[in-house]
1. Enumerate the amide H contacts of residue 38 below 5 Å, restricted to partners 5 or more residues apart or on another chain; note that Pro and chain-start residues carry no placed amide H.
2. Between residue 48 and residue 25, what's the calculated FRET efficiency when r is the beta-carbon distance and R0 is 30 Å? Round to 0.05.
3. Sorted by average packing, counted as other Cβ atoms within 10 angstrom per residue and highest first, what order do 24-37, 72-85 take?
4. Return 19, 59 ranked ascending by Cβ neighbour count within 10 Å, so the fewest neighbours appear first.
5. Extending each Cα 7 Å along its Cβ direction at residue 34 and residue 62, get the distance between those two points in nm, one decimal.
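Rule-based calculations on the coordinates, nothing more; no lab input. All values derive from a computational prediction rather than experimental measurement. For neighbour counting, all protein chains shown are included, and Cβ atoms are generated from backbone atoms with ideal geometry for every residue, glycine included.
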Amino acid sequence: MVSRKIETYCPLRKMVKQWVDRKKVILEPLFTSYVFVRGMSTDLPVIRQTHGVLNFLYWLGRPAIVRDDEIENIRLFLNEHQNVRLEKLDVHVNDTVRIMSGALHMREGSVMEVRNHTVKVLLPTMGFAMVAEINKSQVDVLQSSEYVCVGQP
């Protein structure tokens with residue numbers, strides 16, 4: 001039998017859980033019931049037959065493909081932040097920003113929403129946003145999407 005190179009990745013988020021007598025950091029899956037799998041398209045039938053696999057996540061009728069840079073962004077984001085959560089959202093493009101420090105240094109993205117210090121980072125392939133407390137001073141606005149008045153003088 002031929003040995004196949006099939007990589008898997010289950011992003012785990014660090015959560016601080018409070019008990020009566022102590023706090024503890026635990027790890028739990030970021031995407032409930034999802035595991036990322038890297039393999040060749042010829043491996044799909046074998047992967048689907050793996051015990052515990054129900055199906056693939058589909059986008060436009062084909063198994064969804066998550067780019068390597070998006071997986072790396074998830075890894076960096078989870079390494080830097082605790083209590084990360086996912087929020088399902090409709091995508092609306094606002095300001096374009098560049099992150100100026102931290103694990104995502106010099107990465108550009110679209111600001112989905114800002115509340116106090118909360119910045120939503122978009123994962124466009126899956127339609128989710130990772131949310132973490134990030135100081136506003138860590139982002140530099142590259143392009144503003146503010147309204148402008150157009151008319152005759």
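1. Long-range HN contacts for residue 38: 7, 8.
2. After rounding to 0.05, the efficiency reads 0.30.
3. Peptide ranking by packing, descending: 72-85, 24-37.
4. 19, 59
5. Taking the simple label geometry, residue 34 and residue 62 are separated by 1.9 nm.
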